[in-house]
Amino acid sequence: MKSGFTTCSPLVFLLLLFFVKVAHCGPQIGWDSRPPPDEKTKGELVRAVENLKSPKPDVHSLETLVNYFGDSMVDTIGTSHIYLYDDGPRKNAYTAMFQDWYPIGFLNRVLSEGSDLAVYWALRKIAHQTSISGLTYDNGKFVLGAHAKRLEALGGLIDDKAKATIKNAVLKAERSASDRTKVQALKVITELGLAEDALTFLKEKLQRDNPPAITAAIISNITNCRHGEYLCRSMGIESHNPDAGKYLEPDPKLDDAIWNILSKAAMANVRTACLGYLWLIDKTSVSEDKQRLLETLAESTDDSIRKAVAAALGDRAVPKNPGMIDLALHLAADDKDEDVRCAGILALRNVKTPEITQKLIEFFKPEQPGRVRMEALDTLEGWGEHHWDILIAASKDKDEWMRKRAMYHLRDMATPEAIAALKDALHDSSKMVRDEAAEQLEWMRKEGKLGKQVGPK
């Protein structure tokens with residue numbers, strides 16, 4: 001059975017999420033501020049849940065729930081946002097709408113018969129069930145994971161048969177009057193390969209006069225399409241996409257089209273989507289016009305745009321592009337937002353010069369924000385040229401997270417002095433740091449870099 005994703009392995013999709021840093025430190029819990037429902041509404045919710053859990057759920061029951069919870073809460077399906085309720089009817093209704101899985105036949109009926117909000121719910125639910133329908137790597141082959149097996153038993157697995165079932169309804173949803181639903185439909189079409197050639201489909205859409213939200217979605221999906229295939233190739237993973245070669249070819253016409261959109265865009269979502277397109281900036285040279293536009297965007301009052309500029313510099317900030325180095329350094333040193341500064345430092349990771357090294361050392365100073373200091377430490381140590389004075393300072397820093405991070409780099413350094421510092425950290429006041437030091441020392445022991453097992457007394 002094939003993966004839920006046709007452009008490449010589901011492993012690659014998870015890596016894409018990592019690379020774009022769609023990461024959370026755990027569930028984000030919220031409370032519904034509305035008063036508990038009256039008795040009539042409670043009854044409606046109870047009956048709707050009972051029906052949705054029956055062998056033959058109907059669309060009307062689903063409509064009852066989406067109308068009660070509303071647009072903003074439907075947006076959280078498949079995310080780490082969780083709402084808590086202390087009354088049974090709402091708690092059960094929330095579980096049925098947001099956490100339960102559904103058979104493909106029911107989701108297809110919602111797509112075909114439901115209101116726009118119900119269709120949006122179904123699209124998000126399909127995306128969520130797709131994310132757990134993929135294969136896992138086990139003993140040298142791809143097999144269904146535990147969640148995927150449960151979905152299969154329920155009839156909710158997003159496999160080739162399911163795609164054929166929902167294809168027409170999803171393509172119809174892409175023509176919805178609602179931008180919200182169109183955006184979600186585009187995502188599902190792209191990730192499930194419901195168009196004959198996803199990249200060609202998206203490029204044709206890009207040529208139309210679209211609302212800003214749709215333009216941004218098209219460009220983001222184009223980026224994911226192409227980047228997924230690059231990841232497949234770089235990791236030696238076989239792609240399931242017959243058009244993979246086309247995705248990997250240089251496409252200067254598309255690059256220019258997206259740059260042209262960026263130069264005219266007024267909305268932040270379009271600008272950030274364009275800046276997230278990985279082929280936007282040439283690796284060897286940048287024209288004066290492009291340099292000026294990037295410098296202008298780097299002074300935007302919108303933090304998300306400045307961060308997107310810094311991220312776009314990526315591996316384009318190299319000696320062949322001195323203007324990109326200057327721009328990355330400006331964002332790393334002078335921006336008011338920590339996220340932007342960290343992205344700027346990350347963009348300098350390929351500029352291994354004495355001047356940049358000195359700047360990174362300055363970014364590590366105690367008066368700098370904690371995350372900026374950590375990014376500077378990681379960049380310096382990532383070059384493989386260990387700075388003993390910085391590492392020892394990091395291992396004794398007042399911030400326990402900084403001390404924890406230093407343990408990994410000390411392990412990498414692997415000198416007698418580094419080992420001594422790791423052993424000292426076994427007595428750190430923070431359990432987190434002590435555990436990290438023990439883990440790194442144990443790793444060194446297994447690698448033959450220590451004589452015996454070590455651990456906190």
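For the reader, a short list of remarks on this structure follows.
- Checking Gly155, Gly145, Gly134, Gly140 one by one, the residue that is small (Gly, Ala, Ser), without any contact (Cβ under 8 Å) to a residue 24 or more places away in the chain and either at positive phi or crowded, with 19+ Cβ neighbours inside 10 Å (or both) is Gly140 and no other.
- A single entry from Ala185, Ala216 fulfils the requirement of being under 14 Å from Asn108 (Cα atoms), modelled with pLDDT of 95 or more and not in a loop (DSSP other than H, G, I, E, B): Ala185.
- No other residue among Glu191, Glu204 is among the acidic types (Asp, Glu), buried (at least 21 other Cβ atoms within 10 Å of the Cβ) and either out of contact with any helix residue (DSSP H, G or I) (no Cβ under 6 Å at 6 or more places or on another chain) or not in a helix (DSSP H, G or I) (or both) apart from Glu191.
- All helices (runs of 4 or more DSSP H) inside region 246-360 with 1 or more residues being exposed (fewer than 15 other Cβ atoms within 10 Å of the Cβ): 252-264, 288-297, 322-334
- Residue match in region 320-327 (condition: within 22 Å of Arg371 (Cβ to Cβ), at pLDDT below 95 and among the small types (Gly, Ala, Ser)): no
- Enumeration of residues in region 159-192 that are of a type in the set (Val, Ile, Thr) and under 11 Å from Leu123 (Cβ atoms): Ile166, Val170, Thr181, Val183, Val188, Ile189
- Only residues that are surrounded by fewer than 21 Cβ atoms within 10 Å (Cβ to Cβ), touching a helix residue (DSSP H, G or I) at 6+ places or on another chain (Cβ under 9 Å), of a type in the set (D, E, K, R) and assigned to a helix (DSSP H, G or I) were counted in region 55-108, giving 2.
- Sole exception among (1) touching a residue at least 40 places away in the same chain (Cβ under 8 Å); (2) surrounded by fewer than 22 Cβ atoms within 10 Å (Cβ to Cβ); (3) not polar (S, T, N, Q) for Lys167, by number: (1)
- Some residue of region 415-431 being closer than 30 Å to Val309 by Cα and surrounded by fewer than 17 Cβ atoms within 10 Å (Cβ to Cβ): no
The values are calculated or read from the model by the stated rules, or taken from the named source; none is laboratory data. This one's a predicted model, so the numbers in the text were calculated from it and none came from an experiment. All Cβ positions, even for glycine, are placed from backbone atoms using ideal geometry, and neighbour counts span all protein chains on display.
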